[in-house]
Amino acid sequence: MTVSVFRRIGLFVVFALMPLMMASGGEAQQSTDPETVRIEKIIRNYLLEHPELLVEVMRKLEARQKAEEEAGMAGKIQANRDALFASHDDFIANPMGKFPVVEFFDYQCGYCKRFLPTMARLLETDKSVRFVFKEFPILGEVSVTASKAALAAKMQGKYRIFHDTVMGLRRRLTEAAIYQTAKDIGLDVKRLKRDMESPKIARIIKANRELAATMGIRGTPSLIVGEQLVPGAIDYGQLTALIEQEKTNCKVC
């Protein structure tokens, strides 16, 4: 046999045996058929002499799995597009923009704070981006209080300034800091506290948590850029490059 034939056979066998090896703790079941044993020995020796073939196989397998995951995520995004991109409960920056970007965030999340300047720069430079703010408090009761206050600030027309100010705080977030921020930016704090306890705000946060679970989102920040889920903060260059890529391929944009 030629090397190219061995290579094709080796790739085929590794792909075929991979599920079995994984299922049996890394040990493939051995055949008792003499001819099969002979072929397995030939292939085994070839793979031992060319271990780089296994690396190639793993790369191909990872690429296939990634493509399958992205296709599955695109389907989830399309199925939940209204809840993700067009809910009247969320604050939306650049509401006339055609390209959707969604951020699930928590006010106590350090990486969310790090992402704040990137988000602000994006909204200043690309008016085609429709940016959706998804309140997703997962880091304790203070986070819940901050999200409730943000949604109540929206009722007074000051969501964005409240969001940016609280997210920009460099000290430990407390209820006192939340209400002091509300006062500093000119919110009616008494009304704010009253609105924070409304069933509507509780419903919004509950719906966001359920949506996050549906999308497989567990941490913050989590971005949905077109039809891709991006877990974690990315820098401005990465974000704009992904947006340009998705503008070409996105079916929900």
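General observations
- Flag if ARG130 is in contact with a Pro (Cβ under 7 Å, 6 or more places away or on another chain), in contact (Cβ under 8 Å) with a residue 24 or more places away in the chain and either in the same structural domain as THR220 (by TED's automatic domain parsing) or over 25 Å from GLY232 (Cβ atoms) (or both): yes
- Residue in the stretch 143-159 that is surrounded by 13 or more Cβ atoms within 10 Å (Cβ to Cβ) and part of a loop (DSSP other than H, G, I, E, B) present: yes
- Within the stretch 188-208, being within 27 Å of ALA120 (Cβ to Cβ) and either crowded, with 17+ Cβ neighbours inside 10 Å or free of Cβ contacts under 8 Å to residues at least 24 places away in the same chain (or both) holds for VAL189, LEU192, ASP195, MET196, ILE201, ILE204, ILE205, ASN208.
- Condition met for PRO231 (surrounded by 13 or more Cβ atoms within 10 Å (Cβ to Cβ), at negative phi, in contact with a Ser or Thr (Cβ under 6 Å, 6 or more places away or on another chain) and not hydroxyl-bearing (Ser, Thr, Tyr)): yes
The values are calculated or read from the model by the stated rules, or taken from the named source; none is laboratory data. Note that the structure is a prediction, hence the values are computed from the model and not measured. Note: ideal-geometry Cβ built from the backbone for every residue, glycine included; neighbour counts use all protein chains shown.
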